[in-house]
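S.K.: My questions will all concern the structure given below.
The values are calculated or read from the model by the stated rules, or taken from the named source; none is laboratory data. Note that the structure is predicted; figures quoted are calculated from it, not measured. FYI the Cβ positions are ideal-geometry reconstructions off the backbone, even for glycines, and counts take in every protein chain you see. What goes into the accessible areas is simple: the full protein's heavy atoms, side chains included, and nothing from ligands, DNA or RNA. Shrake-Rupley method; radii C 1.70, N 1.55, O 1.52, S 1.80 Å.
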Amino acid sequence: MALYLLFESASGYGLFHAYGIDEIGQSVEAVRSSVLDLERFGKAVKLTAFNPFSSAVDALNQCNAISEGIMTDELRSFLELNLPKPKEGKKAKYSLGVVEPKVGSHIAEVTGIPCQSNEFVQELLRGVRLHFDRFIKELKESDLEKAQLGLGHSYSRAKVKFNVNRVDNMVIQAIFLLDTLDKDINSFSMRVREWFSWHFPELVKIVNDNYLYAKLAKFIVNKSDLAEKDIPALADIVGDEDKAKEIVEAAKASMGQDLSPVDLINVQQFAQRVMNLSEYRKNLYEYLVTKMNDIAPNLTSLIGEVVGARLISHAGSLSNLAKCPASTLQILGAEKALFRALKTRGNTPKYGLIFHSSFIGRASTKNKGRMARYLANKCSIASRIDCYSEASTSVFGQKLREQVEERLDFYDKGIAPRKNLDVMKAAINSMVNGASIDDDDNERTDASAKKSKKKKSKTEADGDAMELDKPSNADDGEAEPGTEKKKKKKKHKLEETQEQENVATNGDAEVSETPKKKKKKSREVSEDAEPKTATEGKKKKKKKAMAEDDE
């Protein structure tokens, strides 16, 4: 059976035919000995076809596909074009040797070409790689080196390419630096206390905080200079006026020795350095909090920034932490205790770095192990969501934290917690609703902007129309209907006032000068009044007749 070799170089695909294997030998050791000799190796292997890459981008795409074990369309067309075609219904009388077994399996699945990737093929391809520039005459060795260097840089750059906002390496460095700063600040603060206590030993008992002590040491410098005028400034530093007065009184009756000005200056400078380190530690902690909320928001909301950062740094990266099972995450940080227990056949540790979480501290002694196991399970879920989800949200972490709280209540009070499926459904619904609300707000703002634009255009159009109509009405001499009604109302009011004045002068209620409308009304009233009087008279007559009959 004939053997073909597929070689992927930085400049293109090469297909070689191993036709003279008998001259080299079919054993791996014989191939190894013949690889260095070009004359001997050239008799066994010859170039069949070469397909150069069209550009550097094309070379990078082909390299990425090969590294992932995928056969591209270009590679498939190259193989189908240059390999001998088997007859229909019959198997191929050759095999294709490849470096990557994954690529070989994919080629065999898609095209049906039998592939092999064993040690013998690997040695043959090693010889091809060594003498590749000799097989292609037009290709220079320097050109091949440049192509390999350029492809290596672009491939590495593409693999290292990441989201700048989600770099877990920054978190690892920050938490390491935070731990180092804590140790250094503690040791430096103790050195400041010991140094300044030679001069002012009573201050140690009054002030316990390291940062405040360094601040006071820088402010006081010489205890003999302290007076009552310094009490407000001391109260601002300490935050308590009584303590400030106590410091002044202690300075007056201090048992400490006097120091030279040079020594006091050195103490003051060292106190300033300790203060700067403490302030930098605060800023670094704030940076760590923001970074953790960007990289692992769910893990942060579940277990806290510091503990989450310690887990990521101990695992090596967020992806490594996501790959860890919950049982490994539970004892992460307690490897020595674990292997010691396995060696001595003792009890294995129940928790590692997770012990620093507040949940385990709140649990009772008998439930600490159970709580650590449950918390490790939720941390594993949160880390996987943070690592593999595209959308950055802390909804799942908040729901997982609620579950841990419910589990604590279950251990203490016996209240049954919710099921994990229901909690995850609620988290997904809240996440979807939050996204839909944001979309609705954007749509409403767009719609309101459009409506306001339409209203403006309408008002402008109406204003133009009014301006056009006004001069035409003035020319025609036609008044608007609204203005005519107003004029009529004014006339009626004037007439009524004139009538009232006439009535007041003459003293008669019904005068001939009253308008026609009032006369009509008075007539109608009188007509209505006459039938009423007639009916009332008839009723009176009937009553009289009834009374006479009774008598």
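S.K.: Can you work out which of the residues in the range 342-355 that are in a loop (DSSP other than H, G, I, E, B) and more than 12 Å from ALA376 (Cα to Cα) is most open to solvent (accessible area, probe 1.4 Å)?
M.R.: ARG345
S.K.: Give all pairs with beta carbons closer than 6 Å in which a residue from the range 371-386 that is under 24 Å from ASP412 (Cα atoms) and polar (S, T, N, Q) meets a residue that is open to solvent by less than 40 Å² (accessible area, probe 1.4 Å) and assigned to a helix (DSSP H, G or I); count only pairs at least 6 apart in sequence or on separate chains.
M.R.: As it stands, the answer is ASN377/ALA326, since those pairs meet every condition given.
S.K.: For the range 356-393, what are the residues that are assigned to a loop (DSSP other than H, G, I, E, B), open to solvent by 40 Å² or more (accessible area, probe 1.4 Å) and either of a type in the set (Val, Ile, Thr) or under 23 Å from ASN433 (Cα atoms) (or both)?
M.R.: GLU390, ALA391, SER392 - these are the residues of the range 356-393 that are assigned to a loop (DSSP other than H, G, I, E, B), open to solvent by 40 Å² or more (accessible area, probe 1.4 Å) and either of a type in the set (Val, Ile, Thr) or under 23 Å from ASN433 (Cα atoms) (or both).
S.K.: Within the range 245-263, which residues are free of Cβ contacts under 8 Å to residues at least 24 places away in the same chain and of a type in the set (Val, Ile, Thr)?
M.R.: VAL248, VAL262
Okay, residues lined up against (1) open to solvent by 80 Å² or more (accessible area, probe 1.4 Å); (2) at pLDDT 90 or above; (3) under 16 Å from LEU264 (Cβ atoms); (4) touching a strand residue (DSSP E or B) at 6+ places or on another chain (Cβ under 7 Å):
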residue: TYR213; (1), (2), (3), (4): no, yes, yes, no
residue: ALA217; (1), (2), (3), (4): no, yes, yes, no
residue: LEU226; (1), (2), (3), (4): no, no, yes, no
residue: ILE247; (1), (2), (3), (4): no, yes, no, no
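S.K.: Has the range 408-431 got at least one residue that is at pLDDT below 85, surrounded by 12 or more Cβ atoms within 10 Å (Cβ to Cβ) and part of a helix (DSSP H, G or I)?
M.R.: yes
S.K.: Could you go through the range 98-105 and let me know if any residue there is among the small types (Gly, Ala, Ser) and modelled with pLDDT of 85 or more.
M.R.: Yes, the range 98-105 has at least one match.
S.K.: Can you name the residue in the range 113-163 that is small (Gly, Ala, Ser) and within 46 Å of the chain's Cα centre (by Cα) and is also surrounded by the fewest Cβ atoms within 10 Å (Cβ to Cβ) among such residues?
M.R.: SER156
Listed here are the residues, each with its yes/no results for (1) among the small types (Gly, Ala, Ser); (2) touching a Ser or Thr at 6+ places or on another chain (Cβ under 8 Å).
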| position | (1), (2) |
| --- | --- |
| PHE7 | no, no |
| ALA49 | yes, no |
| PRO52 | no, yes |
| ALA65 | yes, yes |
| GLY97 | yes, yes |
